[in-house]
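Some notes on the structure that comes next.
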Amino acid sequence: MKFSVVTLALICALPAVSAAQDSGLGPIIITPTRVEKDIDEIPAAVSTVGQDEIQLGNEQLGLDESLGGVPGLFMQNRYNFAQDLRASIRGFGARSSFGIRGIKIIVDGIPESLPDGQGSVDGIDLGSASRISVIRGPASSLYGNASGGAILIESEKGPVIPFASGRVTAGDFGFNNTQLKTGGETGRLNYLLNLSDTSTDGYRDHSEYENTQLNGRFEIGLEGDSSLLATLHHTDQPVANDPGSLTEEDADLDPEQARAQNESFDAGEALQQTRIGLLYKTGLGESRDFEARIYNTQRDFSNKLPFQNGGAVKFDRNFTGAGLKFTLRGDLADRQNRLLLGLDYDRQDDDRRRFDNLSGSLGAQTLDQNELVTSTGVYLQNETKLNDRVELTLGIRYDDVKFDVSDDFLADGDDSGKVDLDQTSPMAGISVDLGNETRFYATISTAFETPTTTEFANPSGGGFNQALEPQEATNYEIGIKRRTGMQRFELALFHIDVDNELTPFELPAQPGRTFFENAGSSTRDGIELSYSRQLAPQIGFTTAYTYSDFVFDRFTNADGDVFDGKQIPGIPKDLLYLDLTWFGESGYYATWDLTYTGELYADNANQTSVDSSQVSNLRIGYNGFYGDWEVSPFLGVNNLFDEEYNNNIRINAFGGRYFEPAPERNAYIGISIRARI
C-alpha cells in the first residue's frame, strides 16, 4: 500500500477550498503558548482534542486512544506498561528506550517531565481529562529542555450542578477498570475528584499490570478576578511486568511469548507517585496579569532488568519546582501588543541504588549515588499586531541545567561528577489573516535536549559519559489553517536541522540496558495534513496524514560504523489516520477509526525493516437520560480486522530483538452511570 503526498494533499485540500461560508463555528481558545489564544492565530502547528474524544467509550489505557488524529505525532508501546507509552513528535522522542523523551509533558500546569528531560505518563488520569493540546514542533523558547514538542493535559472542572458517577469496564486479556467520580460547585469552590483502578493480564506472557489512581482538582475563586487552583494526583502501580522484545523469528513463531530472559529475571517495575500543585492567578488592573505556581512530586520506584550485574534498580525521587509569569497588554508604537515574561525553576533529587538481579531477587549492591539536577529558565515572548491582518511573535529563553552526581558506593572508586549545560532558545513567527477564515503562518523555532541522568550512563564504567553533548534543533515551518462552516483544514510543511542527535545502542554484556551516543547531524523534512468535516448533522469525518523523511546527514558511531544518508530508525515515512463518527438523535453513537503505519527501520544501518500495518478500531455506545440519571453502556473492539503488527520497536536492540508483538483482535464492554446530587 503506497501513498503519494501530492495526491493526498489535493484530496484533503480541495473540499476545504470549496467549503461553505462560516456558519458560526466558534474559535478554539487554548493555552499551550502560556497565554489564552485562538488556536488558528498561533504561528505554529497546534492540535487539541476534547473530553468526548478522550473518555467516551474508550478503555482509557493510553494517550494514543484519543491522539491518533494528531498529525506529526507517532505513538507506540501502548501495551507494555513497564516501558511506558513511547510518543514522538517530528522524530523527537523516537529514541526513547522507556518513557517519553524530547517532549514536554504538562498536567494542569505542573510539569510531568523532569528537568533532565525524562517524562512519563503514569501520572496522567485519562478518566478525568477534559482536553489535551499538542504543540507539534520545537518549543524550547517557552518550555526549555526537551521541548521538541509539548503535550498539555487539563483535568475536568466540576459542573455547576454537582454529580456522582461510576464506570465499570471489562475485556479480553483480563482487563478490568473501575472508576468513581464526583464534582460540582459549592460557593466559591469548584471541585472534581476521580478514583480509578485498572488491571490486566496482558496479551503476552509476563505482561501483567495493576494501577490505582486518585486525581483531584480544586479551584477557589478569591476576591476580584483572583483564583487559587490546587491539584492532587496519586498513583500506586505495584505491578508492571516487562515481557521484553523478540527477534523476528520468535515473534512470528509465538507472538504471545515473553523473552525467556525477561521471565527468568522477573523484569518489570513498581512505583508510587504523589504530585501536589498550587497555581495562583490574579489581575493587576485591566492590562496586567500575574501567575505563580509551586509543586512537589514524590516518586518511589523499583525495576528489574533482564540481566544480573546491576540489573535491579531502586530510587527515591523528590521533584519540586516553582514558576512566575507576568503578562502585560497594551500598545507598542500604536500597535496592539502583549508581552509575556516568565521564570521557571525545577529541582530533581534522586537517591539511586543498583543491585545484582539474581533471578528476580536482590543480590549484592553495585551502585549507590545521589543525582541532583536543577534547571533555571527565564523566558520572554512578545506578540505585536502589525496591522489588522498580521501578527508578529518573538520569543527567547535562557536555560541553565546542572547535573551533580555524588557517589556513595566507593568500592569501585569515586565516580562523582558535575556537568553544567546552558542554552539560549529563540523563536520568531508571523501569522497572516488571508480572509475567508484562512490564515497563513511561518515560524522559526528551536529546541535542545540534554542527556538525562540515565542517558549519561557510561558504557565503559561508572560516572558520566563525558563524550555526550546536548542535542540541538532548528525548525523552519510554514503552514495554512482554515476553518469554514463545519470544516477545518490544516497544512504544515517543515524542515528541521538537528546537531548531535542522541541515538541509543545496547551492549552484549548488558542486553536490555540502553546507552547513548551523539550522531553528527541529521535532517528532518515533513508534511502534516489534517482535515475534519461534518458530513451531515450527525456524522463527522476526520483524517490526518504525516510524511516524514528523517535522515542522518553525518553519523559515525563509536565502533566506526558510518550511517551517513540512512533513515533515522523508529519513524515511518507515511502515517495516515481516518475517523468516522456518528451521533444519533436517540443517544446512540458509533466511532470507527483506521491507522495506517508505513514501513520503518529498527536500526541505524537500515538493515531491518518493519512492515507496514493497518489497524482499525470500533466503539459503539448509548447515552440515555432518565430524570437526574444518565446511563451510558458502551462496547469497543480493538484491532477489528485482526492485523498482525508490532506494538513497539526497540531501536538498535542487541541480537535483533526489535519486536514487541501487538495483541490480536480483542473487545471490551462497559457501562457508566451518572447522577445529579
Exercise for the section: Taking only region 389-420 into account, find how many residues are more than 30 Å from residue 42 (Cα to Cα) and in contact (Cβ under 8 Å) with a residue 40 or more places away in the chain. Expected result: 11
Fill in the blank from the handout: Note on residue 200: of the conditions (1) surrounded by 20 or more Cβ atoms within 10 Å (Cβ to Cβ); (2) more than 24 Å from the chain's Cα centre (by Cα), unmet is (2)
Exercise for the section: Please enumerate the residues belonging to region 244-278 that are part of a loop (DSSP other than H, G, I, E, B) and either free of Cβ contacts under 8 Å to residues at least 12 places away in the same chain or β-branched (Val, Ile, Thr) (or both). Expected result: 247, 254
Exercise for the section: Could you tell me whether region 129-151 includes any residue that is surrounded by fewer than 22 Cβ atoms within 10 Å (Cβ to Cβ), over 25 Å from residue 59 (Cβ atoms) and either among the small types (Gly, Ala, Ser) or free of Cβ contacts under 8 Å to residues at least 60 places away in the same chain (or both)? Expected result: no
Handout entry: Qualifying strands (runs of 3 or more DSSP E) (wholly inside region 579-649; at least 2 residues being among the hydrophobic types (A, V, I, L, M, F, W, C), surrounded by fewer than 15 Cβ atoms within 10 Å (Cβ to Cβ) and in contact (Cβ under 8 Å) with a residue 12 or more places away in the chain)
Key = none
Problem - Selection count, region 138-174, where residues are polar (S, T, N, Q) and either assigned to a strand (DSSP E or B) or out of contact with any strand residue (DSSP E or B) (no Cβ under 7 Å at 6 or more places or on another chain) (or both) - result: 3
Problem - Pick from region 331-372, criterion under 15 Å from residue 312 (Cβ atoms) and not in a strand (DSSP E or B), ranking: nearest to the chain's Cα centre (by Cα) - result: 360
Handout entry: Close pairs (9 angstrom Cβ cut-off, 6 or more residues apart or separate chains): aliphatic (A, V, I, L, M) in region 471-483, surrounded by fewer than 19 Cβ atoms within 10 Å (Cβ to Cβ) and at pLDDT 95 or above anywhere
Key = 473/497; 478/440; 478/442; 478/493; 480/434; 480/438; 480/440
Practice task
Might you check whether a residue that is touching a helix residue (DSSP H, G or I) at 6+ places or on another chain (Cβ under 8 Å) and either part of a strand (DSSP E or B) or within 29 Å of residue 648 (Cβ to Cβ) (or both) occurs anywhere in region 175-188?
Solution key: yes
Fill in the blank from the handout: residue 648 meets each of (1) under 25 Å from the mean Cα position of the chain (by Cα); (2) closer than 21 Å to residue 57 by Cβ with one exception, condition (2)
Practice task
State whether the residues of region 506-523 include one that is modelled with pLDDT under 85, among the acidic types (Asp, Glu) and not in a strand (DSSP E or B).
Solution key: no
Handout entry: Filter result for residue 410 (surrounded by 15 or more Cβ atoms within 10 Å (Cβ to Cβ) and among the hydrophobic types (A, V, I, L, M, F, W, C))
Key = no
Exercise for the section: Tell me, yes or no, whether region 288-304 has at least one residue that is of a type outside the set (Lys, Arg) and part of a loop (DSSP other than H, G, I, E, B). Expected result: no
Problem - Residues being under 21 Å from residue 61 (Cβ atoms), touching a His at 6+ places or on another chain (Cβ under 9 Å) and modelled with pLDDT of 90 or more - total across region 90-128 - result: 4
Practice task
For region 181-197, name all the residues that are small (Gly, Ala, Ser), farther than 22 Å from residue 84 by Cβ and buried (at least 20 other Cβ atoms within 10 Å of the Cβ).
Solution key: 183
Exercise for the section: State which residue pairs qualify: first residue surrounded by 17 or more Cβ atoms within 10 Å (Cβ to Cβ) and inside region 663-675, second residue assigned to a strand (DSSP E or B) and of a type in the set (Lys, Arg) in any location, beta carbons under 8 Å apart, and separation of 6 or more residues or different chains. Expected result: 670/167; 672/167
Exercise for the section: Select from region 573-608 the residues that are at pLDDT 95 or above and polar (S, T, N, Q) and write down the one among them that is nearest to residue 634 (Cα to Cα). Expected result: 591
Fill in the blank from the handout: Within region 388-403, the residues that are farther than 17 Å from residue 339 by Cα and either more than 27 Å from the chain's Cα centre (by Cα) or not in a strand (DSSP E or B) (or both) are 388, 389
Practice task
Determine if region 433-456 includes at least one residue that is closer than 18 Å to residue 39 by Cα, buried (at least 17 other Cβ atoms within 10 Å of the Cβ) and more than 28 Å from the chain's Cα centre (by Cα).
Solution key: yes
Exercise for the section: Considering each of 474, 556, 523 in turn, give the residue that is over 26 Å from the mean Cα position of the chain (by Cα), surrounded by fewer than 21 Cβ atoms within 10 Å (Cβ to Cβ), among the hydroxyl-bearing types (Ser, Thr, Tyr) and over 30 Å from residue 591 (Cβ atoms). Expected result: 556
Fill in the blank from the handout: Note on region 375-400: residues over 17 Å from residue 139 (Cα atoms) and not polar (S, T, N, Q) are 385, 386, 388, 389, 390, 391
Problem - Where residue 371 falls short, out of the listed (1) closer than 28 Å to residue 464 by Cα; (2) modelled with pLDDT of 95 or more; (3) surrounded by 15 or more Cβ atoms within 10 Å (Cβ to Cβ); (4) out of contact with any helix residue (DSSP H, G or I) (no Cβ under 9 Å at 6 or more places or on another chain) - result: (2)
Completion exercise
Picked from region 324-364 (must be among the polar types (S, T, N, Q) and out of contact with any helix residue (DSSP H, G or I) (no Cβ under 9 Å at 6 or more places or on another chain)), the residue nearest to residue 239 (Cα to Cα) is 361
Handout entry: Filtered residue count, region 423-465, keeping only those that are part of a strand (DSSP E or B) and either of a type in the set (A, V, I, L, M, F, W, C) or in contact with a Phe, Trp or Tyr (Cβ under 7 Å, 6 or more places away or on another chain) (or both)
Key = 17
Exercise for the section: Restrict the check to region 225-247 and report whether at least one residue is over 27 Å from the mean Cα position of the chain (by Cα) and closer than 30 Å to residue 609 by Cα. Expected result: yes
Problem - Subset of region 3-52 [of a type in the set (A, V, I, L, M), at pLDDT below 80 and in a loop (DSSP other than H, G, I, E, B)] - result: 19, 20, 25, 28
Handout entry: Filter result for the condition that a residue is over 23 Å from residue 199 (Cβ atoms) and under 22 Å from the mean Cα position of the chain (by Cα), over 308, 298
Key = 298
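The values are calculated or read from the model by the stated rules, or taken from the named source; none is laboratory data. This one's a predicted model, so the numbers in the text were calculated from it and none came from an experiment. All Cβ positions, even for glycine, are placed from backbone atoms using ideal geometry, and neighbour counts span all protein chains on display.
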